[in-house]
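To start, the structure itself, in structure tokens.
The values are calculated or read from the model by the stated rules, or taken from the named source; none is laboratory data. Only a predicted model underlies this, so the values are computations on that prediction, with no experimental measurement involved. No Cβ is skipped: glycine too gets one built from the backbone with ideal geometry, and neighbour counts run over all protein chains shown.
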């Protein structure tokens, strides 16, 4: 790499680092404002409030001088009901900026409590399919009646008895019509 190219890269990295710090500071300000305003938090979580009302309430509570890009992101999060993801977005932004891999969440739901051996077997199997670095969360939902429901990132594997019965009911209903 030439000296000129190396200098250009240093400037580009400095600009990128400044932008990252600006975003993280702004997201931190907003997170603090949301946490300190109980009325606003209740309004934003109220399912009866429309998206327009939530965005208006958020706009009124935002600290002055936020970058327009941050404001736009917050409006999208408010409209989608995802403002609770703000700390996760900030953490993911830092991981993307540093080039570290964002851990993928693996949620395993079973009808009964899995033994430690069963959990470890699932961990190994899913890690071999989806790569290392999965973050596992195990839970129990008796409504599944049997089998597993596994969500890795945005992929769902549902082998539960409840989903099979639902599919059977759907096919029988479609056949009768």
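For segment 45-52, indicate whether the set of residues that are at pLDDT 70 or above, part of a helix (DSSP H, G or I) and either out of contact with any helix residue (DSSP H, G or I) (no Cβ under 6 Å at 6 or more places or on another chain) or not assigned by TED's automatic domain parsing to the domain that holds residue 91 (or both) is non-empty.
The answer is yes, given that some residue of segment 45-52 is at pLDDT 70 or above, part of a helix (DSSP H, G or I) and either out of contact with any helix residue (DSSP H, G or I) (no Cβ under 6 Å at 6 or more places or on another chain) or not assigned by TED's automatic domain parsing to the domain that holds residue 91 (or both).
Pick from segment 136-155 the residues that are touching a strand residue (DSSP E or B) at 6+ places or on another chain (Cβ under 7 Å) and modelled with pLDDT under 90: which of them is nearest to residue 109 (Cα to Cα)?
Here the answer is 152.
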